[in-house]
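Q: Dumping the structure here so I can ask a few things about it.
The values are calculated or read from the model by the stated rules, or taken from the named source; none is laboratory data. No experiment lies behind these values; they were computed from the predicted model shown. In this analysis, Cβ positions are derived from the backbone assuming ideal geometry, glycine residues included, and neighbour counts consider all displayed protein chains. Protein only, heavy atoms only, side chains kept; ligands, DNA and RNA dropped before computing areas. Shrake-Rupley method; radii C 1.70, N 1.55, O 1.52, S 1.80 Å.
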Amino acid sequence: MAALQNSTLEAIKGNQAQLLSDWISSQEAAGATRNLKSDELKQQTADFLRLLLQAIETNSGSNISGQGWDNVRLFLEKLSTSRALLGHDSHQTAYFIFALKGPLFNLLQSRYSDEPALLADQLMQISELLDTLGMHTVRTFQKSRESVIKRQQEELLELSTPVVKLWDGVLALPMIGTLDSQRTQVVMESLLQRIIDTGSEIAIIDITGVPTVDTLVAQHLLKTVTAIRLMGADCIISGVRPQIAQTIVHLGLDLQGVVTKANLADALKLALARLGVSLSKAN
């Protein structure tokens, strides 16, 4: 960053302790230190200031995408990811950078009090650099946050579609909520994997908890049934309530010979009969 004067760098180096103290105070005043330990925050601010000075000293340009800024970018990317995991928002995360402006501006105003033109130039250079670093932090934070949300959604989908072993050779998948393309994919993957792991011959898909069945939902069910059959297993759909049955007829949906039952108990009884298992009440 050629436009920064050597005297600016020297001023920063000679006042690091005060800069760090004021920088931390600014973050605390803005509420940007939530869930952060004091020692951790002190370490992060000290590490960033050190890396920032190194990058400025060893590079002639202010383009932070350059190789000389690798360590600074990597630091900010790790910081953004950690803040996303802590539940911070983008404002709190970016303020780690922007909170440094005030202390640096005060330092430069004191250093160049008799040189207003040079002061304005140095303030502009520092401001542009911190703005660029702040925007990089925000972009990285958004990517990290989106990754966290996606992973949480996938985990919730897996939790909402548990595959239960009802009997040797019989699996059940109770569905709750609306079926969509993403959830259908998760359902198929988890169910097919359990069929392979257990060697089950019959899978029961219980749709008692599915509020409505329309053409799209029926298509998703058929895709799952087809995948199960391709694995050499059979499929029974249970939980077909009167309202759902009427909807299926009204829409003219063709379930292509799929066996359906009104409830899970009837579906299990049929599955056991197909396996040659008979049950009787104890005397």
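Q: So what's the convex hull volume per residue for the Cα atoms of the chain, in Å³?
A: Spread over its residues, the Cα hull of the chain gives 210 Å³ apiece.
Q: Still on this structure: How high is the relative contact order of the chain, in percent, with contacts defined as C-alpha pairs under 8 Å that are six or more residues apart?
A: That works out to 14 percent.
Q: Quick one: which residues, 5 or more positions from Leu166 or on another chain, have an amide H under 5 Å from its amide H? H modelled 1.01 Å from N in the peptide plane, none for Pro or chain starts.
A: For Leu166, the qualifying residues are Leu171, Ala172.
Q: While we're here: Kindly report the accessible area of the chain per residue (heavy atoms of protein chains, probe 1.4 Å, no ligands, DNA or RNA), in Å².
A: 53 Å²
Q: Give me, ordered by chain and number, the residues 5 or more places off Ser238 or on other chains with an amide H under 5 Å from its own placed amide H.
A: Under 5 Å from the amide H of Ser238: Ile205, Asp206, Ile207, Lys261.
Q: A further question on this structure: Roughly what angle does helix 242-251 make with the longest principal axis of the chain, taking Cα atoms, 0 to 90 degrees, to the nearest 10?
A: 80 degrees
Q: Another one. Round to the nearest 0.05 the FRET efficiency obtained for Ser7 and Leu85 when R0 = 45 Å and r is the Cβ-Cβ distance.
A: 0.65
Q: Give the aspartates and glutamates reachable from Lys165 as a straight Cα distance under 17 Å; neighbours fewer than 8 places away on the same chain don't count.
A: Glu189, Asp197, Glu201, Asp206, Asp234, Asp266
Q: Expressed as an acute angle from 0 to 90° and rounded to the nearest 10, what is the orientation of the C-alpha long axis of helix 181-198 relative to the principal long axis of the chain?
A: That works out to roughly 60 degrees.
Q: Do any trypsin sites (Lys or Arg not before Pro) in region 1-55 lie in a DSSP loop with no more than 11 other beta carbon atoms within 10 Å, and if so, which?
A: Within region 1-55, the qualifying trypsin sites (Lys or Arg not before Pro) (loop, at most 11 other Cβ atoms within 10 Å) are Lys37.
Q: Taking all protein chains as present, what is the carbon and sulfur share of the accessible area of the chain, in % to the nearest whole number, probe 1.4 Å?
A: Exposed carbon and sulfur together represent 52 percent of the surface.
Q: Can you tell me the orientation of helix 70-85 relative to the chain, as the angle in degrees between its alpha-carbon axis and the longest Cα principal axis, to the nearest 10?
A: Between the helix axis and the principal axis of the chain, the angle is about 50 degrees.
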